[in-house]
Amino acid sequence: MNIVLCGMMGVGKSSVGIRIAELTGRRWYDTDIVITDRHGRISDIFEYYGETHFRALETEVVRELADQDGLVISTGGGLVLKPENNELLKRNGKIFFMRADFETLLARVKADDARPLLKNMGRTAEKLGELLAQRTPVYAAVADFIVDTDGKTVDEVAREIIACAQKA
Ligand code: S3P
């Protein structure tokens, strides 16, 4: 069974994924990193080829990872919104929605310009709020478990997810 981490940009899917891998010996994959290694920077992919192309690359990676077992997979913030992706991931995995308040997310994404969906002339907070409102119900619907991350360390969240996965 794979552990799949989903949720908004900045919620800590990568850090928590790495910690889960350290604690359990699972192999860790981050879909954004796989794409970047193969095709270059995500902001460049969005700029030159568009979001649709990026979403197709995500599905290609999902197909490869969903075929394997015993992984921990950190997904890009938009990945599980596409039904084809979450159906593939659910065949052999449990999806954990890592949630955080708007303020927590904003503080984490503010200093980072690598996220093309938030690059819009100083309207980061507004755009983040819109995405959060649109996506929260979808994340909650696709997830097998919802994990609150506010006020928790990476280690605490990782251990909570491991405990859930063991019972699943
Ligand atoms: C995206 C989130 C990013 C990355 C891309 C699109 C999104 O990943 O996949 O910029 O649609 O929310 P993180 O959630 O790791 O920042």
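Quick note: the coordinates plus some simple rules give every number you see, no bench work behind them. Keep in mind that this is a model prediction, so the values were computed, not measured. Neighbour counts are summed over all protein chains in view; Cβ atoms, including those assigned to glycine, are modelled from backbone coordinates with ideal geometry.
Please give the contour-minus-distance gain from Glu126 to Asp44: 0.36 nm per residue of separation, less the Cα-Cα distance, rounded to one decimal in nm.
Roughly 27.2 nm would be gained on extension.
If you only keep lysine pairs separated by 8 or more in sequence, or across chains, how many in the chain come under 17 Å at the Cα atoms?
10
Under a plain spin-label model, where a point goes 7 Å from the Cα along Cα-to-Cβ, how far apart in nm are Phe102 and Lys90?
Using points 7 Å along Cα→Cβ, the separation is 2.9 nm.
Using every alpha carbon pair in the chain, what percent of pairs falls into each 10 Å bin from 0 up to the bin containing the largest distance?
10, 41, 38, 10, 0
Which residues among segment 79-121 fall inside the zone where the amide N is under 14 Å from a point 7 Å beyond the Cα of Thr136, along Cα→Cβ?
What the label zone holds, given the 14 Å backbone N cut-off, is 98-106.
Would you calculate, for the chain, the mean residue ellipticity at 222 nm contributed by helices, counting each DSSP H stretch of 4 or more residues as -39,500 (n - 2.57) and dividing by all residues, to the nearest 500?
That comes out to -17500 deg cm²/dmol.
In percent, what relative contact order does the chain have, based on Cα pairs under 8 Å that are 6 or more apart in sequence?
Answer for the chain is 34 percent.
Using only the alpha-carbon atoms of segment 30-127, report the extent along each of the three principal axes, biggest first, to the nearest angstrom.
41, 32, 21
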